[in-house]
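The values are calculated or read from the model by the stated rules, or taken from the named source; none is laboratory data. The shown structure was predicted, so the numbers you read here are calculated from the model rather than taken from an experiment. So basically every Cβ, Gly included, is an ideal-geometry build from the backbone, and we count neighbours across all protein chains shown.
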Amino acid sequence: MRIFLDTANIDEIREAASLGIISGVTTNPSLVSKEATADYETVIKTICSIVSGSVSAEVLAEDTDSMIEEARVKASWAPNVTIKIPVTAAGLKATSVLSKEKVDINMTLCFSVNQALLAALAGAAYVSPFVGRLDDVGHDGMQLVKEIVDIYNHYEFNTKVIAASIRHPLHCVVAAKAGAHIATVPYSVLMQMIRHPLTDVGIERFLSDWRRVSG
Ligand code: E4P
């Protein structure tokens with residue numbers, strides 16, 4: 001499973017990229033609006049200069065024609081821009097057109113197997129089931145990820161599953177076991193994934209043993 005970073009914060013992206021383990025970034029309007037430079041174009045172009053993998057930029061338009069127009073503009077910002085489009089009727093129409101133009105689409109706000117099936121049929125490069133938001137309303141978000149992965153594998157769809165709306169490290173473990181191609185994680189979760197108290201204790205013990213003999 002690959003890891004994308006789910007943030008529009010440039011400092012976090014620089015730091016995570018320096019670890020050499022992230023292969024993409026996902027943003028959404030809420031994440032971009034939190035940044036000081038809440039200008040979508042500047043933010044996406046900056047992220048694309050740091051990360052060479054897929055960088056998702058979401059469309060804000062709600063009707064098909066405007067989505068297509070906006071997607072074409074955003075896709076021109078950098079070669080690695082992926083366009084995020086919600087799974088709606090308008091979004092599916094736009095995705096069907098854009099995928100034929102070889103624009104990579106990440107169909108977002110996916111909350112059901114049917115939506116994921118339609119996203120794949122429309123030619124989306126990625127689909128993003130929102131795990132945490134499903135958990136919030138008493139559904140098992142990871143069960144949805146597993147079902148989508150199974151169905152995509154069964155029909156040999158090329159669409160990649162991005163486990164999104166990740167809230168904690170255990171979500172990543174379960175996403176990996178479910179066969180998700182990617183988990184997009186907030187920076188705080190990435191940091192939690194790195195740390196283990198026994199690693200810290202182990203380093204401290206090794207160093208104190210070494211200090212004893214080396215004076
Ligand atoms: C994914 O692409 C979304 O940006 C993100 O995962 C949404 O997560 P949230 O439910 O924590 O807002």
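Each row is one residue, and each column tells you yes or no for (1) surrounded by fewer than 23 Cβ atoms within 10 Å (Cβ to Cβ); (2) farther than 23 Å from Arg167 by Cβ.
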residue: Thr42; (1), (2): yes, yes
residue: Asp65; (1), (2): yes, yes
residue: Lys74; (1), (2): yes, yes
residue: Asn106; (1), (2): no, no
residue: Leu118; (1), (2): yes, yes
residue: Phe130; (1), (2): yes, no
Next on the checklist: Can you say whether Pro169 is surrounded by 15 or more Cβ atoms within 10 Å (Cβ to Cβ), in contact (Cβ under 8 Å) with a residue 24 or more places away in the chain and within 12 Å of the ligand (Cβ to nearest atom), as far as the supplied structure shows?
Outcome noted: no
Item to check | Every pair of residues 6+ apart whose Cβ atoms lie under 8 Å, when the first sits in region 189-204 and is within 26 Å of Ala163 (Cβ to Cβ) while the second is aliphatic (A, V, I, L, M) and part of a helix (DSSP H, G or I) | outcome: Leu190/Ala16
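Name the one entry in Val59, Val32, Val55, Val51 that is touching a Phe, Trp or Tyr at 6+ places or on another chain (Cβ under 8 Å), aliphatic (A, V, I, L, M) and without any contact (Cβ under 8 Å) to a residue 60 or more places away in the chain.
Numbers: Val59 fails: touching a Phe, Trp or Tyr at 6+ places or on another chain (Cβ under 8 Å); Val55 fails: touching a Phe, Trp or Tyr at 6+ places or on another chain (Cβ under 8 Å); Val51 fails: touching a Phe, Trp or Tyr at 6+ places or on another chain (Cβ under 8 Å).
The conditions single out Val32.
One line per residue, one yes/no per condition, for (1) in contact with a strand residue (DSSP E or B) (Cβ under 6 Å, 6 or more places away or on another chain); (2) in a helix (DSSP H, G or I); (3) not polar (S, T, N, Q):
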| position | (1), (2), (3) |
| --- | --- |
| Thr42 | no, yes, no |
| Ser52 | no, no, no |
| Ala57 | yes, no, yes |
| Lys74 | yes, yes, yes |
| Gly91 | yes, yes, yes |
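Taking the condition part of a strand (DSSP E or B) and modelled with pLDDT of 95 or more, does Met67 pass?
On the way: part of a strand (DSSP E or B): no; modelled with pLDDT of 95 or more: yes.
For Met67, the condition - part of a strand (DSSP E or B) and modelled with pLDDT of 95 or more - is not met.
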